[in-house]
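Enquirer: Would you mind keeping the following structure in view while I ask a few things?
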Amino acid sequence: MNAVISVALPVFGIIAAGLLAGRLGLMSASDSAALNKFVFRFAMPAALFGLTAGTNPPGVEDAAIAAAYGAGALIVIFGAYFISQKIFTLTKQEAGAHALASILGNAVFLGLPIALNVDGWARPFVTLMLVEGIFVIAICSALMAPRREDGNGVMRFLSYFSGPMRNPIVVGMAAGFLFSALGFSLTGPIEMFFGLLGRAAGPTALFSMGLFLATNKFPEIKEIAGRVSAIVIAKMAVVPVIALTMARFFGVSDPNYLGALALFVLVPTGVGTFIMASQYKNYETETASAITITTILSVLTISTVLFLYT
């Protein structure tokens, strides 16, 4: 519990600082938009590049846990994407944002600090981050991004891939993975550059979210309650059940790998969902609300994971 509180309280504190800055009129909605652009285009890509550039090739157990999470993620992404369009009559781009919020966790800024402090959890946790960063974000980015509805079938098909390739977060993660696969390593001033820039992503994104909550007019809670509830249930219940079941199916038995997977899928909705939603200018209210609610719930879920697996 102490480990969870020591990480979660600063997260809430930074969100509260942004909220207070907006309420006191110290910063405006345009400031929130500028901060989001900085995180989306520079800080978060640098953080993810630095993370993936230093990874080692996966082993057999790593491949098994990656397959378990990847298979579960695909089920949730496309389930949330199609079901949300039917139930909530969302546009395709809104449904893409809904799917992203239903799967993307706060792994970098909340889960990773905890995993690094539990023996044997760091390597599988980073493996899962690679799957999420390279495939999950890319797929959801393709679903969220505006695309061609005219022209021939080939052009419409290719438009699904052009969106992720214009997403700096996807490019940063993929470039880091390629950098590592080619045998290069970050050292000296270059490593410090990506480290310094990347460390700005978390606090800036959290502060910006609080500022956004303070400076934007939201619809009545009853208008978004159903959509937010669906995200919360998918992220904090459906995803963990499917991922842990698939892990058993793929033969993952190492308790450290199972613990890392449980932590990974039970962290709250990641602040990156709000950043991406703000850049595509849709579903911002729902993602911000889902992040707040799931972060509160994560005090219980992460405490349970640490109790069961450590």
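Enquirer: Among the residues of the range 106-115, is there at least one that is at pLDDT 70 or above and over 15 Å from the mean Cα position of the chain (by Cα)? If you could, list the steps in order and put the result at the bottom.
Expert: Applying the first criterion (at pLDDT 70 or above) to the range 106-115 yields 106-108, 110-112, 114-115.
With the extra rule that they be over 15 Å from the mean Cα position of the chain (by Cα), the set shrinks to 114-115.
Yes, the range 106-115 has at least one match.
Enquirer: Ok, one more. Exactly one condition in (1) under 24 Å from Ser278 (Cβ atoms); (2) modelled with pLDDT under 95 is false for Leu24; which is it?
Expert: (2)
Enquirer: From the residues in the range 272-310 that are hydroxyl-bearing (Ser, Thr, Tyr) and outside any helix (DSSP H, G or I), which one is surrounded by the most Cβ atoms within 10 Å (Cβ to Cβ)? Talk me through it step by step, then tell me what you get.
Expert: Going residue by residue through the range 272-310, those that are hydroxyl-bearing (Ser, Thr, Tyr) are 273, 278, 280, 283, 285, 287, 289, 292, 294-295, 298, 301, 303-304, 309-310.
Imposing the further condition that a residue be outside any helix (DSSP H, G or I) reduces the set to 283, 310.
On the way: Tyr283: 28, Thr310: 15.
Checking each candidate, the answer is Tyr283.
Enquirer: Give the number of residues within the range 177-205 that are closer than 27 Å to Ile14 by Cβ, assigned to a helix (DSSP H, G or I) and either among the small types (Gly, Ala, Ser) or out of contact with any Gly (no Cβ under 8 Å at 6 or more places or on another chain) (or both).
Expert: Within the range 177-205, residues that are closer than 27 Å to Ile14 by Cβ, assigned to a helix (DSSP H, G or I) and either among the small types (Gly, Ala, Ser) or out of contact with any Gly (no Cβ under 8 Å at 6 or more places or on another chain) (or both) number 12.
Enquirer: Now for a separate question. Which of (1) under 16 Å from Gln93 (Cα atoms); (2) in contact with a strand residue (DSSP E or B) (Cβ under 8 Å, 6 or more places away or on another chain) does Val265 not meet, given it meets every other one?
Expert: Exception for Val265: condition (1).
Enquirer: Name the single residue that is nearest to Leu197 (Cα to Cα) among those in the range 37-61 being in contact with a Phe, Trp or Tyr (Cβ under 8 Å, 6 or more places away or on another chain) and of a type outside the set (A, V, I, L, M, F, W, C).
Expert: Among residues in the range 37-61 that are in contact with a Phe, Trp or Tyr (Cβ under 8 Å, 6 or more places away or on another chain) and of a type outside the set (A, V, I, L, M, F, W, C), the one nearest to Leu197 (Cα to Cα) is Gly50.
Enquirer: From the list Leu196, Leu186, Leu213, Leu206, which one is in contact with a helix residue (DSSP H, G or I) (Cβ under 9 Å, 6 or more places away or on another chain), in contact (Cβ under 8 Å) with a residue 40 or more places away in the chain and farther than 26 Å from Ile302 by Cα?
Expert: Step by step, each of Leu196, Leu186, Leu213, Leu206 is checked, and only Leu186 is in contact with a helix residue (DSSP H, G or I) (Cβ under 9 Å, 6 or more places away or on another chain), in contact (Cβ under 8 Å) with a residue 40 or more places away in the chain and farther than 26 Å from Ile302 by Cα.
Enquirer: Does Ser208 satisfy the criteria of being more than 18 Å from Ile14 (Cβ to Cβ) and assigned to a helix (DSSP H, G or I)? Write out each step before concluding.
Expert: On the way: more than 18 Å from Ile14 (Cβ to Cβ): no; assigned to a helix (DSSP H, G or I): yes.
When the stated conditions are applied, Ser208 does not pass them.
Enquirer: Out of curiosity, is Asp62 charged (D, E, K, R) and outside any helix (DSSP H, G or I)?
Expert: On the way: charged (D, E, K, R): yes; outside any helix (DSSP H, G or I): no.
No, not satisfied.
Enquirer: Here is a follow-up. If the requirement is being crowded, with 24+ Cβ neighbours inside 10 Å and farther than 17 Å from Phe212 by Cβ, which of these qualifies: Phe249, Phe264?
Expert: Working: Phe249 fails: crowded, with 24+ Cβ neighbours inside 10 Å.
Sole residue among the options that is crowded, with 24+ Cβ neighbours inside 10 Å and farther than 17 Å from Phe212 by Cβ: Phe264.
Enquirer: Any residue in the range 96-116 that is hydroxyl-bearing (Ser, Thr, Tyr), surrounded by fewer than 17 Cβ atoms within 10 Å (Cβ to Cβ) and farther than 23 Å from Ala200 by Cα?
Expert: Narrowing the range 96-116 to residues hydroxyl-bearing (Ser, Thr, Tyr): 102.
Remaining after also requiring surrounded by fewer than 17 Cβ atoms within 10 Å (Cβ to Cβ): none.
No, the range 96-116 contains no residue that is hydroxyl-bearing (Ser, Thr, Tyr), surrounded by fewer than 17 Cβ atoms within 10 Å (Cβ to Cβ) and farther than 23 Å from Ala200 by Cα.
Enquirer: Considering the range 211-224 alone, what residues qualify as being part of a helix (DSSP H, G or I) and surrounded by 13 or more Cβ atoms within 10 Å (Cβ to Cβ)?
Expert: Leu211, Phe212, Leu213, Ala214, Thr215, Ile224 - these are the residues of the range 211-224 that are part of a helix (DSSP H, G or I) and surrounded by 13 or more Cβ atoms within 10 Å (Cβ to Cβ).
The values are calculated or read from the model by the stated rules, or taken from the named source; none is laboratory data. Here the structure is a predicted model, which means the values were calculated and not measured. Quick reminder, even Gly has a Cβ in these numbers, built from the backbone with ideal geometry, and neighbours come from all protein chains shown.
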